[in-house]
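The values are calculated or read from the model by the stated rules, or taken from the named source; none is laboratory data. Everything numeric here is computed off the predicted structure, so don't read it as measured data. No Cβ is skipped: glycine too gets one built from the backbone with ideal geometry, and neighbour counts run over all protein chains shown.
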Amino acid sequence: MLALEQPYVPSRAGLLDGTPVAALAMLAAAWGLALLALPAAAARGVGLAAAHGALLGAALAWTAPDPRRERWAPLEAALLLGAATLCARLLPGGAVAYLGVPAWLLRRRADWRAGGTEHARSALAGALFGLLLGAHLLVNASLTLGLRVRPAPIADLLGWLAYDLGANVLAAEACFRGGLFTRALQRWPFPAAAALSTAASVARYLVDPLLPHATGILAGATFYLALLGVGNCWLLVRHGSLAGPIAGGLLFFAAYRLLAR
C-alpha cells in the first residue's frame, strides 16, 4: 500500500560514486616511488602517465553503466601513456604513439565515438571557439606580457598536437567535462555544475609543473582556462558530444604553445 500512496523516487548515485580508488592509490604510490628512486626526467615521465591515466580512468568509471568493470582503467591508461611517453622521448616522431590512447578509449566507450552530424557540428563549433579564444590569447599576451609568437618546426607542432590529443586535452575533457560535469549537471543547475567542473580543470592546469609560475602568467592562465572550461561545458550541453570540447581545447592549446618570451 505504501508503494501505491507515495511516488517512486529512484536512487541517485553520489557525485563521486564508483571512483576507482584502489587504482588511483596505486598510481599515486608509483609516482611517489618514482620521485624517490628515479632521475628527475624519468620521474616526470611517470608522473605524466600517472596523472593523465588517473583522469582518463576516473572518466571511464564515472560514465560506465557498471563502474566496477572499469575499476582498473586508470592503470591501463597509465601504462599506455607511459609507453607513449617513452616513444616520444626516445624515437624520432615517437609522439605519434599518443594517438593510441584515444583509439583505446573509443574501444572502451563506443558512445564516445565521433560520428554523425551532431558530432560534426559539435567539433566545428568547438574548433571555432578554441580558435577565437586562442587568437585573443596571442594578441593579449603580446600586448600585456611582452610575449610573442614563435615559429616552430612542423615536427614540433605535430608532436604537441599528438600529446594534446592523446593525453593533455583528452584526459582533461573526458574527466572534467564528460565525467564530473555530466554527473554534477544531474544534481545541480548549469551554473553550479559548470563552476565545479571549471574550478577542477583550472586547478589541474595550475599545478602543472610545466606552466610558468610568474604571477602575471598565472593570472592570465586562470582567466583563459576558466573561459575555456565554461565554454566547453556549454558545448557539451548544446551538442551532447565531447567532440566540441576536445576540438576547442586542441585549438586553444595550439595557440598557447606558440607563445615565447
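Below are the figures for this structure:
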| quantity | calculated |
| --- | --- |
| Selection status of residue 102, under 16 Å from the mean Cα position of the chain (by Cα) and crowded, with 23+ Cβ neighbours inside 10 Å | no |
| Residue under evaluation residue 92, criteria (1) exposed (fewer than 13 other Cβ atoms within 10 Å of the Cβ); (2) in a helix (DSSP H, G or I), criterion not met | (2) |
| Matching option when the condition is surrounded by fewer than 19 Cβ atoms within 10 Å (Cβ to Cβ), touching a residue at least 24 places away in the same chain (Cβ under 8 Å) and either assigned by TED's automatic domain parsing to the domain that holds residue 174 or in contact with a Cys (Cβ under 6 Å, 6 or more places away or on another chain) (or both), among 127, 64, 59, 123 | 127 |
| Single residue of 75, 81 found to be surrounded by 21 or more Cβ atoms within 10 Å (Cβ to Cβ) and either on the phi > 0 side of the Ramachandran plot or at pLDDT 95 or above (or both) | 81 |
| Residue check for residue 238: in a loop (DSSP other than H, G, I, E, B), surrounded by fewer than 17 Cβ atoms within 10 Å (Cβ to Cβ) and more than 16 Å from the chain's Cα centre (by Cα) | no |
